[in-house]
Amino acid sequence: MAIHFQTNDPSKLLSSFKESIEKGRVVTWLCDKDGDFTHTTEQWKKAAWLRPSIKTGEIVFSIIKPQNKNISAEVYAIYHGRFIESMLAHCDLLFLQASATAMPSEGDLVS
């Protein structure tokens with residue numbers, strides 16, 4: 001349950017997305033003090049978090065569940081789909097490809 005963004009400059013992609021949030025261009029996501037991203041709309045607010053890890057040639061966003069809750073397939077789908085959508089809308093020139101895994105992968109905290 002991770003999102004992978006292939007990019008030539010992972011740090012630039014991450015900082016650009018954070019800057020888009022800070023400047024108010026991205027309004028449906030926030031970056032918390034730990035550097036994790038969560039949705040801001042009332043229905044999906046803090047239903048999960050996406051934690052970035054910079055790797056060679058990519059950023060991987062692992063999904064993190066709230067304390068004492070599991071993540072439903074619907075929350076997974078919303079967070080992954082809308083996060084990729086937001087990156088496409090605001091940072092499309094900074095990555096080559098995005099993909100989401102269907103099952104939990106290394107780094108995910110879902111149960």
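The values are calculated or read from the model by the stated rules, or taken from the named source; none is laboratory data. Values in this document were obtained by computation on a predicted structure and should not be read as measured data. FYI the Cβ positions are ideal-geometry reconstructions off the backbone, even for glycines, and counts take in every protein chain you see.
Worth a mention:
- Of the set (1) at positive phi; (2) out of contact with any strand residue (DSSP E or B) (no Cβ under 9 Å at 6 or more places or on another chain); (3) surrounded by 12 or more Cβ atoms within 10 Å (Cβ to Cβ), all apply to Gly57 but (2).
- Residue check for Ala102: under 13 Å from the mean Cα position of the chain (by Cα), at pLDDT below 95 and not β-branched (Val, Ile, Thr): no
- Scanning the range 1-38 for residues that are surrounded by fewer than 18 Cβ atoms within 10 Å (Cβ to Cβ) and over 30 Å from Asn70 (Cβ atoms) returns Asn8, Asp9, Ser11, Lys12, Ser15, Ser16, Glu19, Glu22, Lys23, Gly24, Arg25.
- Checking the range 70-86 against the condition returns a match, with at least one residue being acidic (Asp, Glu), at pLDDT below 95 and more than 17 Å from Ala2 (Cβ to Cβ).
- Filter result for Gly57 (among the small types (Gly, Ala, Ser) and under 10 Å from the mean Cα position of the chain (by Cα)): no
- Here Ile3 meets the list (1) over 17 Å from Ser99 (Cβ atoms); (2) touching a residue at least 40 places away in the same chain (Cβ under 8 Å) almost entirely, failing just condition (1).
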